[in-house]
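As structure tokens, the structure follows; a few thoughts come after it.
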Amino acid sequence: MDENRKNEHGADVNQTPAPETTKVHPTLSWGKICRRAALVLCSLLLLVLASVIAALGLLQTGNGQAFLEKKLNELVAASGVSIHGLRGSIPLDFSLALSFADSRGTWLEIKNASLGLDFSDFPALLHVDLGVEEGLLARLPDSSPAHAQQTTPLDVRDLLKTISGATSGFPSWIPGIEIRSLAIDHLRVQRSLYDQAYARESESLQAQKEAAIRPPDQTANEHSETGTQVAQETDCPRTNDADVLLLALHGRAKIAPHAEKKWADPMLFGDISLLLLPEDTGSRQASPGPDKASSTTAEKDSGQVPYTNFPVRTVLAGTGLDVASCAITLSGSLSEPRLAAETRAGTVQTGNLALHNPSLRLVLPSSTLPNLLAGEKGQIGILANTLVQNTPLALNVQFYAQLIDERLLLSFVPCASSPGITLDGKIGTELGSDFSLPARQNHVLEDSCKTSGSAAEAASVSRLPNLANLLPALDGEVRLVLENAPLLAEFLPLSMHGLVQTKVDLAFQNGRQRAALVVQGKNISLASAEKMASPIVSLSSASATASIDGLDLNNAELAASIDTKDVRTSTIKPVHFTLEAKGNASEVALSALSSGGVQTELVSKLSLKASEIRLTRFNLGIPQHGCGLRLLGETVLALGEKSYLKNCSLALQPSGKLDLAGHLSSDSLGAKLLLTHLDTSAWARVVPGLPAGKIDAVLDVAGSPQMPTGKLRVRVDSLTLPVKGLPPLSADVEGSLDNKGAARAVVNLAQASRDALELDTFVCEANVPLLDKNGRFAFATTAPLRIKTDISGSVAKLWLLALQPNRRLTGNFRLQADIGGTLASPSGKANISLKDALFKDVEYGILVREINADINASLAGSLAATKIDFAIDAKDGRRKKGSFSLNGSTNLQTVTARASLDQFAPLRRRDIRAVLSANCSVSGPLTAPQITGRLNVDRGRIQLDALQLPSSITTLPLVEGPKEAILAARKQAVTREQKKRSNILGNLDITLGVNKFFVTGYGFDSEWKAGMRMQCPLARPGITGQVEAVRGSLDLLNKRFTLNEGTVKFAGGLDPLINVQMTTVVNAIETSVVVSGTAAKLNLHLTSNPSMPRNDILAYMLFGKPANELSQFELLRLGATAASFAAFGTTGGSGIANLARQITGLDVLNFSQNDGSAQLELGSYVMDKVYVGVKQDTSENADTTAVIQIELGPRTSATMEAGSGNTSAGVKWKLDY
């Protein structure tokens, strides 16, 4: 056997095998594995970190940011979002611009949005800074119907659970988020977004602007001019309209996991302030910056709006606003949140009603949400406060809610208070937890809707709505008490005094809703709200009740009653009035009776289902004045698709008859009125201001509502207007309406009336389009228009209509007008002229002669293009005639005028005369003119002893009611007057000069000069400068006082600072009388050199020696002088009078004036009840009378007066009441 065999691999099989050895492989422990894995992971992390750092570094470059911006735009392109202007340190602090668009274009544009992240407190908290600047929200985005989702009923319990558990699934490692700074500045919200009427109007104006729609009969030139005008009107916003709301929002917020509950109940915090400022982009004002938009905590606590003196601009139809702010605070946890929101504004204007400093506060306590989830009561409070004009009003409403099973119990408790007004009560209701009406209510009430009767009967009348399917069941009551409430005058043109108590009771019983109203009144009077005038109507007591049983109007039971007693007016005797109504929707029986000054009887039936009223009997009489009316037969009035009035015939007293009939449907129209021989003389005694005369009228209308035609004729005979001196008038008025909607009217004045009014010509006719292109009664702006007027003659009789009995205007006038075109584009001319006229004011002594006026107006396509030129001149009628002239023009928007006076003396008085020269100009807007110029008093005179001024005594009416209510009403009247004055716009810059002005009388002779300037707003007139004396003297009791100093200084207001000093020297003693202070508070005091007591000063002035050396006669003269001083001034008079009593030692010292004469009485009580004195008139050659009076008892005295002319004696008895 071959020992050298080899195996198939070539190895020697006979070779002795080597000793067996084990091959050792490297052993990897778990530590090495972890270390190597960590090394790999670190390498990967470093690679990722390097990639991230590289990517972040790339994003800090312009190319990287442009790349990211492109990719983001590709990602969000389908949603209409566009990103541009990406810049900053991404992602920690960067900014960008955004725009959002839909099929109609861009609806939101943000020029700069910024985001900042701060990881300094990470992972516990992430800080975020978010800002938005210069944005425009033009409208809301269009919602696609494809994305509309079918809404499911909202369940309150599920909603509350969703809110409280919104974050319960968050893991605990998620950090909290704190928005350290949230700032939105200069975000403008277009008005068309929230005001649909404004949006429609803007779209219509824009369409007119683009299409330049004009009537086809106009020429191309007119078309071009008018198109330009519409474009201009479209571009310019309406006056005081805001087309943009400027919004600024600042605040901070935080949400963080609870220390124990983590994200199951996170902690909440929020503090946000919002500012809204209406803005007119046509005259854009400075917008508030970020520093102004935020309000500090101090401002919130003080309740002040951070902006003042902003104009009120219209933000909705009929509603204006100056500025508004809102502060929202949030605290607590997600399961127990506390929310408070407060909104304030400066002024909210609605029509003529102004709300000053209104505030609205909503408070959600932290207990509300957990209480609702636990089935207990939750509460929400709303508090509102405002000043309605100047009357405070406070409202407090507390809402309560409670969830029991599937029911939601709601109740609210209102409480309102204002001077004279109290409101309180409580109303509750029950709904399903998804706000649906309870099934039991629907079931019961729907069953009750099934009324008996055949189907034919049901179809013969219209079915009324069932309010039970719309309103929830209500239980509770509301009480309102009014007592001399001044707040009502802000809503109504009347002020009310008296007590009115109102109560509303609501009850839901046996499946039916019941409501009852009870009103009780006592000693009620209504007067004009503008003035504290006599009551228009008053009544001693009134009561009214009304009730409804069931909300299904088809079978609800209705009842009402009214009972008023002692109703009084200024022209009718007391009236007692009662009214009763009872029934259901099928028939309500109505009856009314009154007795006393007005005797009424009314019987009627009202059917709500048939919309029909049957008036069976109606009589009204006023026996006191012999007038009234009586229904001659049953009258039927139906309202619906086919409305009609049948058999309405009234007999009128003292004479006349009225017949009415008509029908109206969608395609037919007819109406007839016949008034014959109506005598209004008796009715004029009932209605103050109603003209007395005889009237006949015929009206006939036919056709269709879309194309009516008609004729009108009115005849007036011997019509006497309540104007003294105006003769009775007779006239005819004829009118017609053709099938094109054009109305024509002609007024013909009888020749006898023309002669009585001293008129030479009288032409007055008009053609006015009354139907628009849709057939509605409205002035058609594109249909032809024609107005022609020509009236001329003497102005004296027509001046009587001005109701100025102390003023008279004579001369000849002429009024001519010829207007054509359309209402939208009128054209034509008008002229008013006055020649050789004379104006006389008897009360103020003004006389102006040779007045000539010429006013020309031209219309060229629109009111904005109207131009009015005027020229007026006059003479003062003196031998050396002074003149006045006024020339200028206006386009109803701006005015330019110049006025001049040349030695013009309009006054014809004994006490005051003045010769005036002036040159003034007026320019600028008509509503805010700028008046500049110079006015000189060339010479003038005031004669003090002949001074006659109009009476300044105001007779105040007697007003019933508490003092507080009367004072509040008077304060409101003053406030309304101040508000009217504050609405006067414009500025005044007039230089006033006085060359020579003499003041004489009562021994006073002086000459004055002045240099002043009025540079101020018209609403707040003020004067700067002074009036100073040139020379002057005063003769008093044979002593001449020299006017050493006399100044009247104005420092910008109307209450000047006065300083007048008069001096005389007697026996080397210089004594002075000084009058100083303001016109509202004058001080009079005496001085001397050397100084001495004031009783000696007065004695030296008069007699040249001290008071202790005066004789008894001299003391009387001294007392008379002191009493004369007491008649001057307002504050110093009583002190001088007391000084005179101290000097003379008298008990009675009285100085009185009556009918131009003055009387001095001096006297003393020589015994306890015996008075002895003398009376002396200050007139020349006056008699001196001795007086002796003895008191015989508490109310009885005996008096004897003896003089050189006569002697009298008598016994007087008096009663103080």
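The values are calculated or read from the model by the stated rules, or taken from the named source; none is laboratory data. Since the model is a prediction, treat every value here as computed from it, not as a measurement. Backbone-built Cβ (ideal geometry, glycine too); neighbour counts: all protein chains shown.
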Notebook entry, point to check: Does any residue of region 623-632 turn out to be more than 20 Å from A682 (Cα to Cα), free of Cβ contacts under 8 Å to residues at least 24 places away in the same chain and either in contact with a strand residue (DSSP E or B) (Cβ under 8 Å, 6 or more places away or on another chain) or among the β-branched types (V, I, T) (or both)?
Noted result: yes
Margin query: I need the full set of residues from region 858-917 which are within 22 Å of T932 (Cβ to Cβ) and among the β-branched types (V, I, T), in order please.
Written below: I868, I872, T890, T894, V895, T896
Check: Is it the case that region 516-535 has a residue that's crowded, with 16+ Cβ neighbours inside 10 Å, among the acidic types (D, E) and within 30 Å of L393 (Cα to Cα)?
Finding: no
Margin query: Restricting to region 630-668, name every residue that is under 29 Å from S736 (Cα atoms), modelled with pLDDT of 90 or more and among the hydrophobic types (A, V, I, L, M, F, W, C).
Written below: V636, L637, A638, L645, C648, L650, A651, L652, L658, L660, A661, L664
Checklist line | Wholly within region 326-382, strands (runs of 3 or more DSSP E) carrying at least 1 residues that are of a type in the set (S, T, N, Q) and farther than 28 Å from H250 by Cβ | finding: 347-350
Margin query: I'm checking my understanding of the structure. Among residues of region 924-951 that are of a type in the set (G, A, S) and more than 28 Å from I990 (Cα to Cα), which one is modelled with the lowest pLDDT?
Written below: S951
Notebook entry, point to check: Any idea which residue in region 1054-1078 is surrounded by the fewest Cβ atoms within 10 Å (Cβ to Cβ), counting only those that are farther than 20 Å from V1030 by Cα and of a type in the set (S, T, Y)?
Noted result: T1078
Next item on the list: Have a look at S120, S95, S114, S99 and point out the one that is at pLDDT 85 or above, under 30 Å from R252 (Cβ atoms), exposed (fewer than 11 other Cβ atoms within 10 Å of the Cβ) and under 60 Å from the mean Cα position of the chain (by Cα).
Entry: S120
Notebook entry, point to check: Condition test on L506, is it crowded, with 16+ Cβ neighbours inside 10 Å, at pLDDT 90 or above and assigned by TED's automatic domain parsing to the domain that holds R614?
Noted result: no
Checklist line | Lone qualifier among V567, V603 - being assigned by TED's automatic domain parsing to the domain that holds A684, free of Cβ contacts under 8 Å to residues at least 60 places away in the same chain and not aromatic (F, W, Y) | finding: V603
Item checked: When residues of region 484-532 are limited to those that are charged (D, E, K, R) and not in a strand (DSSP E or B), the one nearest to the chain's Cα centre (by Cα) -> E490
Next item on the list: Can you run down the residue pairs with Cβ atoms below 7 Å, 6 or more apart or on separate chains, where the first is in region 1091-1111 and surrounded by 15 or more Cβ atoms within 10 Å (Cβ to Cβ) and the partner is charged (D, E, K, R) and part of a helix (DSSP H, G or I)?
Entry: L1102/R1117; F1103/E1114; P1106/D1096; A1107/D1096
Notebook entry, point to check: So, of the residues in region 1010-1042 that are over 50 Å from the mean Cα position of the chain (by Cα) and modelled with pLDDT under 85, which turns out to be surrounded by the fewest Cβ atoms within 10 Å (Cβ to Cβ)?
Noted result: N1038
Next item on the list: List every residue pair whose Cβ atoms lie under 8 Å apart, where the two residues are 6 or more positions apart in sequence or sit on different chains, the first residue falls within region 741-766 and is without any contact (Cβ under 8 Å) to a residue 24 or more places away in the chain, and the second residue, located anywhere, is buried (at least 16 other Cβ atoms within 10 Å of the Cβ) and part of a helix (DSSP H, G or I).
Entry: L749/L757
Margin query: Regarding region 874-882, can at least one residue be identified that is within 30 Å of A830 (Cα to Cα) and at pLDDT 90 or above?
Written below: yes
Notebook entry, point to check: Restricting attention to region 885-916, which residues are of a type in the set (V, I, T) and over 41 Å from the mean Cα position of the chain (by Cα)?
Noted result: I912, V915
Next item on the list: Return yes when G725 is farther than 27 Å from L658 by Cβ and in contact (Cβ under 8 Å) with a residue 12 or more places away in the chain and no when it is not.
Entry: yes
Check: Only one of (1) outside the structural domain of L985 (by TED's automatic domain parsing); (2) within 25 Å of T810 (Cα to Cα); (3) buried (at least 17 other Cβ atoms within 10 Å of the Cβ) fails for S862. Which number is that?
Finding: (2)
Check: So which of L770, L803 is at positive phi and hydrophobic (A, V, I, L, M, F, W, C)?
Finding: L803
Margin query: Among the residues of region 580-615, what is the count of those that are surrounded by 18 or more Cβ atoms within 10 Å (Cβ to Cβ) and closer than 13 Å to I562 by Cβ?
Written below: 3
Margin query: Restricting to region 795-809, give me the number of residues that are of a type outside the set (D, E, K, R) and crowded, with 16+ Cβ neighbours inside 10 Å.
Written below: 6
Margin query: What's the total number of residues in region 1073-1108 that are in a loop (DSSP other than H, G, I, E, B) and among the hydroxyl-bearing types (S, T, Y)?
Written below: 1
Margin query: Between a residue in region 417-439 that is of a type in the set (S, T, Y) and any residue that is at pLDDT below 75 and part of a helix (DSSP H, G or I), which pairs come within a Cβ distance under 7 Å, given they are 6 or more apart or on different chains?
Written below: none
Margin query: If I filter region 386-400 for residues that are of a type in the set (F, W, Y), at pLDDT 90 or above and more than 30 Å from L247 (Cβ to Cβ), do I get at least one hit?
Written below: yes
